Amino acid sequence: MITHTIGFIGSGQMARALAQGFVATGLVEGGRIVHCDPVEAAAHLFSEQVGGSRQAASNSDLVGEANIVFLAVKPQNMPAVFSEVGGKIAPEKLVISIAAGVTLPRLCEGLKTSRVVRVMPNTPALVGEGASAFALGPAATAADGQLVGQLMGAVGQAFQVDEKLLDAVTGLSGSGPAFVYVMIEALADGGVRMGLPRDIALALAAQTVRGSAEMVLTTGEHPAALKDKVASPGGTTIAGLAALEERGLRGALMAAVEAATRRSQELGKAS
(Lines give C-alpha, C1' and ligand atoms only; values in the text may rest on other atoms or scores of the structure.)
Protein backbone atom coordinates (compact mmCIF):
# COMPACT_ATOMS: atom_id res chain seq x y z
CA MET A 1 0.00 0.00 0.00
CA ILE A 2 1.14 3.54 -0.82
CA THR A 3 1.13 5.82 2.23
CA HIS A 4 1.63 9.08 0.33
CA THR A 5 -1.17 11.61 0.06
CA ILE A 6 -2.27 11.83 -3.58
CA GLY A 7 -3.83 15.01 -4.92
CA PHE A 8 -5.81 15.54 -8.11
CA ILE A 9 -5.97 18.98 -9.69
CA GLY A 10 -9.07 18.36 -11.77
CA SER A 11 -11.84 16.00 -10.66
CA GLY A 12 -13.12 14.88 -14.04
CA GLN A 13 -13.76 11.47 -15.52
CA MET A 14 -10.16 10.30 -15.86
CA ALA A 15 -9.19 11.59 -12.41
CA ARG A 16 -12.10 9.67 -10.90
CA ALA A 17 -11.19 6.53 -12.83
CA LEU A 18 -7.62 6.64 -11.56
CA ALA A 19 -8.59 7.36 -7.97
CA GLN A 20 -11.23 4.62 -7.97
CA GLY A 21 -8.66 2.18 -9.37
CA PHE A 22 -6.14 3.07 -6.69
CA VAL A 23 -8.68 2.47 -3.94
CA ALA A 24 -10.32 -0.62 -5.46
CA THR A 25 -6.99 -2.44 -5.76
CA GLY A 26 -6.02 -1.56 -2.19
CA LEU A 27 -3.09 0.52 -3.41
CA VAL A 28 -4.22 3.70 -1.63
CA GLU A 29 -6.75 4.38 1.11
CA GLY A 30 -9.54 6.76 0.12
CA GLY A 31 -8.64 9.03 3.03
CA ARG A 32 -5.24 9.69 1.45
CA ILE A 33 -6.78 11.19 -1.70
CA VAL A 34 -7.52 14.91 -1.98
CA HIS A 35 -8.93 16.72 -5.02
CA CYS A 36 -9.89 20.15 -6.31
CA ASP A 37 -11.98 21.33 -9.24
CA PRO A 38 -13.62 24.71 -9.98
CA VAL A 39 -16.69 22.85 -11.29
CA GLU A 40 -18.56 21.97 -8.11
CA ALA A 41 -20.55 19.18 -9.77
CA ALA A 42 -17.32 17.41 -10.78
CA ALA A 43 -15.86 17.81 -7.30
CA HIS A 44 -19.05 16.48 -5.71
CA LEU A 45 -19.10 13.45 -8.00
CA PHE A 46 -15.45 12.71 -7.18
CA SER A 47 -16.17 12.80 -3.44
CA GLU A 48 -19.20 10.59 -3.98
CA GLN A 49 -17.43 7.98 -6.09
CA VAL A 50 -14.11 7.88 -4.23
CA GLY A 51 -15.09 7.08 -0.67
CA GLY A 52 -13.10 8.87 2.01
CA SER A 53 -11.54 11.40 -0.37
CA ARG A 54 -11.47 15.06 0.57
CA GLN A 55 -12.00 18.24 -1.41
CA ALA A 56 -9.30 20.90 -1.06
CA ALA A 57 -10.29 24.56 -0.88
CA SER A 58 -7.84 25.50 -3.64
CA ASN A 59 -5.12 24.10 -5.85
CA SER A 60 -2.55 25.89 -3.69
CA ASP A 61 -3.85 24.11 -0.60
CA LEU A 62 -3.79 20.80 -2.47
CA VAL A 63 -0.13 21.02 -3.52
CA GLY A 64 0.76 21.98 0.03
CA GLU A 65 -0.80 18.80 1.38
CA ALA A 66 -0.23 16.16 -1.31
CA ASN A 67 3.03 14.27 -1.83
CA ILE A 68 2.01 13.18 -5.33
CA VAL A 69 0.10 15.65 -7.49
CA PHE A 70 -1.83 14.59 -10.58
CA LEU A 71 -2.55 17.32 -13.13
CA ALA A 72 -5.82 16.04 -14.61
CA VAL A 73 -6.98 19.14 -16.49
CA LYS A 74 -7.50 19.88 -20.16
CA PRO A 75 -4.40 21.21 -21.96
CA GLN A 76 -6.02 24.61 -22.49
CA ASN A 77 -6.52 24.95 -18.72
CA MET A 78 -2.88 24.26 -17.89
CA PRO A 79 -1.75 27.93 -18.02
CA ALA A 80 -4.23 28.75 -15.26
CA VAL A 81 -2.84 25.90 -13.17
CA PHE A 82 0.70 27.15 -13.78
CA SER A 83 -0.23 30.65 -12.61
CA GLU A 84 -1.81 29.29 -9.43
CA VAL A 85 0.69 26.65 -8.29
CA GLY A 86 3.88 27.42 -10.23
CA GLY A 87 6.74 27.75 -7.74
CA LYS A 88 4.59 26.41 -4.87
CA ILE A 89 5.39 22.71 -5.29
CA ALA A 90 8.25 21.57 -3.06
CA PRO A 91 11.08 19.88 -5.00
CA GLU A 92 10.67 16.59 -3.13
CA LYS A 93 7.08 16.22 -4.37
CA LEU A 94 6.20 14.29 -7.53
CA VAL A 95 3.97 15.77 -10.23
CA ILE A 96 2.22 13.50 -12.74
CA SER A 97 0.54 15.16 -15.73
CA ILE A 98 -2.07 13.42 -17.88
CA ALA A 99 -2.72 16.53 -20.02
CA ALA A 100 -2.28 15.59 -23.67
CA GLY A 101 0.31 17.50 -25.66
CA VAL A 102 1.82 19.47 -22.74
CA THR A 103 5.51 18.57 -22.92
CA LEU A 104 7.88 17.90 -20.06
CA PRO A 105 9.90 21.10 -20.71
CA ARG A 106 6.68 23.12 -20.69
CA LEU A 107 5.55 21.45 -17.46
CA CYS A 108 8.90 22.07 -15.76
CA GLU A 109 8.90 25.71 -16.88
CA GLY A 110 5.32 26.38 -15.81
CA LEU A 111 5.48 24.54 -12.50
CA LYS A 112 9.05 25.62 -11.67
CA THR A 113 9.93 22.09 -10.63
CA SER A 114 11.61 19.25 -12.53
CA ARG A 115 10.38 16.17 -10.66
CA VAL A 116 7.67 15.64 -13.23
CA VAL A 117 6.29 12.62 -15.09
CA ARG A 118 4.10 12.85 -18.18
CA VAL A 119 1.51 10.11 -18.70
CA MET A 120 -0.66 9.27 -21.70
CA PRO A 121 -3.60 7.17 -20.46
CA ASN A 122 -6.65 6.04 -22.41
CA THR A 123 -10.36 5.84 -21.65
CA PRO A 124 -10.60 2.06 -20.98
CA ALA A 125 -8.93 2.96 -17.66
CA LEU A 126 -12.52 3.77 -16.68
CA VAL A 127 -13.21 0.01 -16.56
CA GLY A 128 -9.79 -1.01 -15.28
CA GLU A 129 -8.46 -1.98 -18.72
CA GLY A 130 -6.36 1.03 -19.62
CA ALA A 131 -3.22 1.09 -21.75
CA SER A 132 -0.87 3.91 -20.77
CA ALA A 133 2.70 5.03 -21.27
CA PHE A 134 4.77 7.52 -19.31
CA ALA A 135 7.98 9.50 -19.64
CA LEU A 136 10.17 10.80 -16.82
CA GLY A 137 11.15 14.45 -16.42
CA PRO A 138 14.74 15.56 -15.72
CA ALA A 139 14.57 15.21 -11.92
CA ALA A 140 12.29 12.17 -11.78
CA THR A 141 14.06 9.08 -10.46
CA ALA A 142 13.92 5.42 -11.35
CA ALA A 143 11.91 4.93 -8.16
CA ASP A 144 9.45 7.55 -9.42
CA GLY A 145 9.09 5.54 -12.62
CA GLN A 146 8.34 2.39 -10.63
CA LEU A 147 5.78 4.28 -8.55
CA VAL A 148 4.01 5.68 -11.62
CA GLY A 149 4.01 2.21 -13.19
CA GLN A 150 2.42 0.86 -10.02
CA LEU A 151 -0.21 3.60 -9.94
CA MET A 152 -1.15 3.37 -13.62
CA GLY A 153 -1.00 -0.43 -13.40
CA ALA A 154 -3.95 -0.23 -11.00
CA VAL A 155 -6.19 0.63 -13.97
CA GLY A 156 -4.57 -1.44 -16.72
CA GLN A 157 -1.09 -1.80 -18.22
CA ALA A 158 1.62 0.88 -18.18
CA PHE A 159 4.90 1.18 -20.06
CA GLN A 160 7.81 3.60 -19.64
CA VAL A 161 9.00 5.24 -22.88
CA ASP A 162 11.06 8.21 -24.03
CA GLU A 163 8.96 11.36 -24.31
CA LYS A 164 9.53 11.49 -28.07
CA LEU A 165 7.43 8.31 -28.34
CA LEU A 166 4.40 9.67 -26.47
CA ASP A 167 2.91 11.09 -29.68
CA ALA A 168 2.96 7.59 -31.16
CA VAL A 169 1.39 6.28 -27.96
CA THR A 170 -1.32 8.92 -28.37
CA GLY A 171 -1.92 7.81 -31.95
CA LEU A 172 -2.07 4.11 -31.04
CA SER A 173 -3.55 3.56 -27.58
CA GLY A 174 -4.82 7.09 -26.90
CA SER A 175 -6.91 7.31 -30.07
CA GLY A 176 -7.07 3.54 -30.64
CA PRO A 177 -10.25 2.90 -28.64
CA ALA A 178 -12.20 5.00 -31.15
CA PHE A 179 -10.77 2.94 -34.01
CA VAL A 180 -11.77 -0.27 -32.24
CA TYR A 181 -15.28 1.05 -31.58
CA VAL A 182 -15.67 1.61 -35.33
CA MET A 183 -14.52 -1.97 -35.92
CA ILE A 184 -17.04 -3.31 -33.39
CA GLU A 185 -19.81 -1.24 -34.96
CA ALA A 186 -18.88 -2.47 -38.44
CA LEU A 187 -18.77 -6.12 -37.34
CA ALA A 188 -22.19 -5.74 -35.74
CA ASP A 189 -23.56 -4.07 -38.88
CA GLY A 190 -22.27 -7.00 -40.89
CA GLY A 191 -24.13 -9.37 -38.60
CA VAL A 192 -27.32 -7.34 -38.92
CA ARG A 193 -26.92 -7.34 -42.71
CA MET A 194 -26.79 -11.12 -42.59
CA GLY A 195 -29.97 -11.33 -40.49
CA LEU A 196 -28.89 -11.20 -36.83
CA PRO A 197 -30.90 -9.07 -34.37
CA ARG A 198 -29.07 -5.82 -33.57
CA ASP A 199 -28.57 -6.50 -29.85
CA ILE A 200 -27.20 -9.98 -30.42
CA ALA A 201 -24.94 -8.82 -33.26
CA LEU A 202 -23.47 -6.04 -31.11
CA ALA A 203 -22.89 -8.33 -28.12
CA LEU A 204 -21.23 -10.95 -30.32
CA ALA A 205 -19.00 -8.33 -31.98
CA ALA A 206 -17.89 -6.73 -28.69
CA GLN A 207 -17.24 -10.06 -26.99
CA THR A 208 -15.32 -11.30 -30.03
CA VAL A 209 -13.00 -8.29 -29.88
CA ARG A 210 -12.58 -8.66 -26.10
CA GLY A 211 -11.84 -12.39 -26.33
CA SER A 212 -9.44 -12.00 -29.23
CA ALA A 213 -7.48 -9.30 -27.40
CA GLU A 214 -7.31 -11.49 -24.30
CA MET A 215 -5.95 -14.35 -26.43
CA VAL A 216 -3.10 -12.13 -27.65
CA LEU A 217 -2.27 -10.92 -24.13
CA THR A 218 -2.64 -14.29 -22.40
CA THR A 219 -0.93 -16.61 -24.89
CA GLY A 220 1.84 -14.24 -25.97
CA GLU A 221 1.46 -15.58 -29.50
CA HIS A 222 1.80 -13.27 -32.49
CA PRO A 223 -1.59 -12.18 -33.87
CA ALA A 224 -0.64 -13.67 -37.25
CA ALA A 225 -0.17 -17.10 -35.65
CA LEU A 226 -3.51 -16.87 -33.86
CA LYS A 227 -5.17 -15.75 -37.10
CA ASP A 228 -3.75 -18.76 -38.94
CA LYS A 229 -5.26 -21.09 -36.35
CA VAL A 230 -8.72 -19.74 -37.17
CA ALA A 231 -8.34 -19.64 -40.96
CA SER A 232 -8.64 -23.21 -42.26
CA PRO A 233 -7.97 -23.97 -45.94
CA GLY A 234 -10.88 -23.04 -48.18
CA GLY A 235 -13.01 -22.05 -45.19
CA THR A 236 -15.17 -19.12 -44.17
CA THR A 237 -12.48 -17.17 -42.32
CA ILE A 238 -9.99 -17.06 -45.19
CA ALA A 239 -12.78 -15.84 -47.45
CA GLY A 240 -13.47 -13.00 -45.01
CA LEU A 241 -9.76 -12.21 -44.67
CA ALA A 242 -9.47 -11.95 -48.44
CA ALA A 243 -12.28 -9.40 -48.43
CA LEU A 244 -10.46 -7.36 -45.74
CA GLU A 245 -7.24 -7.39 -47.77
CA GLU A 246 -9.08 -6.32 -50.92
CA ARG A 247 -10.56 -3.34 -49.08
CA GLY A 248 -7.33 -2.32 -47.35
CA LEU A 249 -8.16 -2.76 -43.65
CA ARG A 250 -4.52 -3.02 -42.59
CA GLY A 251 -3.47 0.08 -44.49
CA ALA A 252 -6.44 2.05 -43.19
CA LEU A 253 -5.65 1.24 -39.54
CA MET A 254 -1.95 2.03 -39.98
CA ALA A 255 -2.87 5.33 -41.63
CA ALA A 256 -5.24 6.16 -38.77
CA VAL A 257 -2.48 5.68 -36.17
CA GLU A 258 -0.09 7.76 -38.26
CA ALA A 259 -2.63 10.59 -38.72
CA ALA A 260 -3.45 10.67 -35.00
CA THR A 261 0.27 10.68 -34.14
CA ARG A 262 1.00 13.58 -36.45
CA ARG A 263 -1.92 15.54 -35.02
CA SER A 264 -0.57 14.94 -31.52
CA GLN A 265 2.79 16.29 -32.66
CA GLU A 266 1.09 19.41 -34.03
CA LEU A 267 -0.81 19.98 -30.78
CA GLY A 268 2.39 19.56 -28.77
CA LYS A 269 4.14 22.26 -30.78
CA ALA A 270 1.20 24.60 -30.22
CA SER A 271 1.07 24.07 -26.45
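The values are calculated or read from the model by the stated rules, or taken from the named source; none is laboratory data. In this text, all values refer to a predicted model and were calculated from it rather than measured experimentally. Every residue, glycine as well, gets a Cβ built from its backbone with ideal geometry; the counts of neighbours run over all protein chains shown. All accessible areas refer to the heavy atoms of the entire protein, side chains included, with ligands and DNA or RNA removed. Shrake-Rupley method; radii C 1.70, N 1.55, O 1.52, S 1.80 Å.
In region 1-63, the portion of solvent-accessible area held by carbon and sulfur atoms comes to 51 percent [1.4 Å probe, whole percent, DNA, RNA and ligands not counted]. Between Ala213 and Leu226, full extension at 0.36 nm per residue minus the direct alpha carbon distance yields a gain of 3.6 nm. Only protein heavy atoms count here; on that basis, with a 1.4 Å probe, Val209 has an accessible area of about 40 Å².
Near Val69, the amide H atoms lying under 5 Å from its own belong to Gly7, Leu94, Val95, Ile96; only residues 5 or more places off or on other chains count, and H is placed 1.01 Å from N. Available extension along the chain between Arg250 and Asn77 is 58.6 nm, counting 0.36 nm per residue and deducting the alpha carbon span. Sorting Met120, Met78 on solvent-accessible area from highest to lowest, probe radius 1.4 Å, gives Met120, Met78.
In the chain, the calculated helix contribution to ellipticity at 222 nm averages -16000 deg cm²/dmol per residue, counting -39,500 (n - 2.57) for every DSSP H run with n ≥ 4. Solvent-free Debye calculation, one equal scatterer per alpha-carbon of the chain: log10 I(q)/I(0) at 0.10, 0.13 Å⁻¹ equals -0.59, -0.90.
In a fully extended conformation the segment linking Glu48 and Ala142 would gain 30.4 nm over its present Cα-Cα distance, using 0.36 nm per residue. Rolling a 1.4 angstrom probe over region 198-268 with all protein chains present gives an accessible area of which 64% lies on carbon and sulfur atoms.
Using equal-weight Cα scatterers in the Debye expression, the normalised intensity of region 121-184 in log10 at q = 0.15, 0.23, 0.27, 0.28 Å⁻¹ is -0.47, -0.95, -1.15, -1.18. In the context of the full set of protein chains, the chain has a per residue accessible area of 53 Å² (1.4 Å probe). Annotation: lysines with alpha-carbon distance below 17 angstrom to Lys269 (same-chain offsets under eight excluded): Lys74, Lys164. Hydrodynamic estimate: the Kirkwood radius of region 30-183 over Cα pairs, inserted into Stokes-Einstein at 37 °C and 0.692 mPa s, corresponds to D of 204 µm²/s. Based on the reciprocal of the average 1/r between different C-alpha atoms, the Kirkwood radius for region 204-268 equals 14.1 Å. For region 1-98, a Kirkwood hydrodynamic radius built from all Cα pairs, placed in the Stokes-Einstein relation at 20 °C and 1.002 mPa s, yields a translational diffusion coefficient of 163 µm²/s. Remark on region 66-137: Rg and Dmax equal 12.1, 35 Å (Cα only). If the label point is 7 Å along Cα→Cβ of Lys164, which residues in region 217-258 have backbone nitrogen under 20 Å from it? Under cut-off, by backbone N: 258.
Screening the chain for whole DSSP H helices of 18 Å or more along their axis (Cα) with average Kyte-Doolittle hydropathy at least -0.5 returns 176-193, 198-219, 249-270. Only protein atoms count toward the accessible area here, which uses a 1.4 Å probe; on region 100-175, the carbon and sulfur part of that area reaches 56 percent. When Arg32, Arg115, Arg210 are compared by accessible surface with a 1.4 Å probe, the order from highest to lowest is Arg210, Arg32, Arg115.
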